[in-house]
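Undergrad: I'd like to ask you about the structure that follows.
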Amino acid sequence: MTERLARGVPAPAFSLPDQQGRAVSLADFAGRSVLVYFYPKADTPGCTAQACGLRDAMPRLGTTAVVGISPDTPKRQAAFDAKYGLGFPLLADTDHVVAQAYGVWVERSMYGRRYMGIERSAFLVGPDGTLQEVWYKVSPAATTANLLASLGEA
């Protein structure tokens, strides 16, 4: 069983390539809040709804940043960003190290087949680097709603 993170603990550090191949790390956001969310696969219906919901909420987020992470390659992330004009970093965790650190690389099942994959989840990291909110098994629509509610923007 993958270990779950809880509110109040330090967010696991990471540095991953974004959709342009540039390294983005959690430390880049020190001093401001950042939503780090994990999604299974770029340009699929649920992941698109989730990303577009966050894109559309950006004007209401103030200084809070948004970072998406999936196992997709930077090239696939770039196509996803370009297709929907997302405008925030989409990070490529192709070896699942960051997903494992956040407890979202889990055994899944579809049509009776078991496999390892991302459990859609989101984490609000505070300016001090600790987890302010933790949402495991979050729905695409609830990601934005939960974030706005936690920021007092619901």
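Undergrad: Counting other beta carbons within 10 Å of each residue's own, what order do Tyr111, Tyr84 fall into, fewest first?
TA: Tyr111, Tyr84
Undergrad: First check a/c for the range 1-88, with a ≥ b ≥ c the square roots of the eigenvalues of its C-alpha gyration tensor; if it is under 1.5, answer rounded, and if not, answer prolate when a/b is larger than b/c or oblate otherwise.
TA: Rounded is the answer for the range 1-88, as its axis ratio a/c remains below 1.5.
Undergrad: Is the shape of the chain rounded, prolate or oblate, going by the alpha carbon gyration tensor and its root eigenvalues a ≥ b ≥ c, with a/c under 1.5 for rounded and a/b larger than b/c for prolate?
TA: rounded
Undergrad: How would you rank Asp93, Asp43, going from fewest to most other Cβ atoms within 10 Å of each one's own Cβ?
TA: By the 10 Å Cβ count, ascending, the order reads Asp43, Asp93.
Undergrad: Moving to a separate point now. Would you pull out the residues with amide H under 5 Å of Ala42's amide H, same chain only if 5 or more places away, H placed 1.01 Å from N?
TA: Asp72
Undergrad: Excluding residues on the same chain fewer than 8 positions from Lys137, give the lysines whose Cα lies under 17 Å from its Cα.
TA: Lys41
None of the figures in this text is laboratory data; all of them are computed from the coordinates on show. Only a predicted model underlies this, so the values are computations on that prediction, with no experimental measurement involved. Virtual Cβ from ideal backbone geometry, glycine too; neighbours counted across all protein chains shown.
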